[in-house]
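Trainee: Quick one: structure below, then a few questions.
The values are calculated or read from the model by the stated rules, or taken from the named source; none is laboratory data. Computed from a predicted model, the values in this text were never measured in an experiment. Virtual Cβ from ideal backbone geometry, glycine too; neighbours counted across all protein chains shown. Only protein heavy atoms, including side chains, enter the accessible area calculation; ligands, DNA and RNA are left aside. Shrake-Rupley method; radii C 1.70, N 1.55, O 1.52, S 1.80 Å.
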Amino acid sequence: MGRVSLLPRYQKLSTWKGDLAKMTHLQAGLSPETIEKARLELNENPDVLHQDIQQVRDMIITRPDIGFLRTDDAFILRFLRARKFHQVDAFRLLAQYFQYRQLNLDMFKNFKADDPGIKRALIDGFPGVLENRDHYGRKILLLFAANWDQSRNSFTDILRAILLSLEVLIEDPELQINGFILIIDWSNFSFKQASKLTPSILKLAIEGLQDSFPARFGGVHFVNQPWYIHALYTLIKPFLKDKTRKRIFLHGNNLNSLHQLIHPEFLPSEFGGTLPPYDMGTWARTLLGPDYSDENDYTHTSYNAMHVKHTSSNLERECSPKPMKRSQSVVEAGTLKHEEKGENDNTQPLLALD
């Protein structure tokens with residue numbers, strides 16, 4: 001059903017340990033299992049790591065139209081890992097990363113957790129981030145779609161909060177290698193809310209997450225999606241790639257199919273897991289500190305040189321927590337819906353990235 005440990009699959013681990021002496025500082029802190037995974041799955045070779053990075057850096061001169069605001073070794077390495085050390089592809093992703101920011105300057109002004117719009121989105125649980133990783137070492141992000149109060153949070157601010165969260169998480173080299181999982185619960189997401197998901201803003205999200213961010217997304221899982229979410233497929237299909245189609249799954253209310261890919265012991269009860277219900281403030285407190293609901297400025301310094309300091313006391317006051325809708329998909333352990341083989345086709349990949 002999925003390996004619990006990487007060790008059985010990587011039989012050469014013992015010999016690989018002898019190579020740890022060659023490990024550069026860029027691999028410091030990685031577990032032996034993760035180093036082996038990077039070698040086998042991503043073609044990462046410590047002997048030529050610095051040469052690989054330099055070859056990507058040397059390509060920057062070919063794009064004088066783009067301001068590459070960060071080019072240090074550790075930063076470039078995450079793009080190589082995201083593209084399995086194909087240097088041209090890694091450079092293309094690096095260029096798209098900064099080009100996306102140049103083309104959407106307003107999105108990245110005051111790109112910090114204490115920005116009023118980002119702060120509201122974080123407090124409202126966009127995104128949720130589980131503390132523990134799954135059996136593949138991937139970080140699990142949650143979105144409870146019905147919690148989108150469109151009078152309070154713009155879609156752009158939610159996207160900004162997700163991108164900022166990923167920027168924080170991707171600093172972890174283990175996650176650069178193991179990647180992420182996204183679960184979206186569509187319970188009680190209304191048709192009126194869905195009507196705000198226009199092609200232009202969906203395209204903005206796809207470009208920011210799929211085409212311009214150095215992360216490995218191992219799966220996007222839809223749960224309890226209504227028919228009009230299926231209809232969104234026709235809107236986003238032109239923006240998607242084939243390999244991503246294979247990683248998007250629509251489970252409906254059949255959480256057993258979700259558990260075949262993400263084990264229940266890694267999931268909260270909203271998704272039929274054995275963990276307690278997800279606390280919407282968990283990730284907001286991580287970024288904003290334990291007193292995330294007060295109006296004190298948060299002084300987190302982001303890497304991005306395009307940040308422009310901007311504060312608004314009126315908008316900050318709007319960030320005070322409010323009661324959140326809870327998912328209606330909470331189920332008792334052992335009461336998940338079982339369907340006959342072939343009865344449900346919701347787990348078939350819906351989307352693709354072209």
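Trainee: Determine the order of Ile140, Ile201 by accessible area, beginning with the largest, at a probe radius of 1.4 Å.
Mentor: Descending accessible area places them as Ile201, Ile140.
Trainee: What does the accessible area of Tyr233 come to, in Å² to the nearest 10, when a probe of 1.4 Å is used?
Mentor: 50 Å²
Trainee: Here's something else I'd like to know. Taking amide hydrogens as modeled 1.01 Å from N in the peptide plane, which residues meet the under 5 Å criterion relative to Phe217, leaving out close sequence neighbours?
Mentor: Amide H neighbours of Phe217, under 5 Å, 5+ apart: Phe180.
Trainee: Considering amide H positions built from the backbone, and no H for Pro or chain starts, which residues 5 or more places from Val129, or on another chain, come under 5 Å of its amide H?
Mentor: Leu142, Trp283
Trainee: Just by accessible area at a 1.4 angstrom probe, what is the order of Lys112, Lys192, Lys37, Lys237 from largest to smallest?
Mentor: Values: Lys112 30, Lys192 145, Lys37 10, Lys237 90 Å².
My answer, sorted largest first, is Lys192, Lys237, Lys112, Lys37.
Trainee: Could you tell me the ratio Rg/Rh of segment 110-288? Both radii from Cα atoms, Rh via Kirkwood.
Mentor: Answer for segment 110-288: 0.92.
Trainee: Then there's this: Rounding to the nearest 20 debye, state how big the charge dipole of segment 110-288 is about its Cα centre with +1 on each Lys and Arg Cβ and -1 on each Asp and Glu Cβ.
Mentor: 600 debye
Trainee: Let me ask something else. So, with +1 on the Cβ of K and R and -1 on the Cβ of D and E, and no other charges, what is the size of the charge dipole of segment 27-103 about its Cα centre, to the nearest 20 debye?
Mentor: With only Lys, Arg, Asp and Glu charged at Cβ, the dipole is about 320 debye.
Trainee: Could you put Arg285, Arg92, Arg78 in order of accessible surface area, largest first, with the 1.4 Å probe and the full protein assembly present?
Mentor: Putting Arg285, Arg92, Arg78 in descending order of accessible area: Arg92, Arg285, Arg78.
Trainee: A further question follows. Mind listing the phi-derived Karplus ³J(HN,Hα) values for segment 197-205, rounded to whole Hz, using 6.51, -1.76 and 1.60 with θ = phi - 60°, and x for any glycine or proline?
Mentor: So the Karplus estimates, Gly and Pro as x, are 7, 6, x, 5, 7, 5, 5, 4, 5 Hz.
Trainee: If you build the Cα gyration tensor of segment 27-103 and take the root of 5 times each eigenvalue, what three semi-axes come out, in whole angstrom, biggest first?
Mentor: Equivalent-ellipsoid dimensions as semi-axes: 24, 12, 11 Å.
Trainee: What are the ³J(HN,Hα) couplings of segment 214-219, residue after residue, when phi is run through the Karplus curve with 6.51, -1.76, 1.60 and θ = phi - 60°? Round to Hz, x for glycine and proline.
Mentor: Whole-Hz 3J(HN,Hα) from phi for segment 214-219: x, 10, 9, 9, x, x.
Trainee: Each residue of segment 125-141 in order: what ³J(HN,Hα) in whole Hz does its phi give by Karplus 6.51 cos²θ - 1.76 cosθ + 1.60, θ = phi - 60°, with x for Gly and Pro?
Mentor: Rounded to whole hertz, the list is x, 10, x, x, 9, 6, 5, 8, 9, 7, 5, 9, x, 8, 7, 9, 9.
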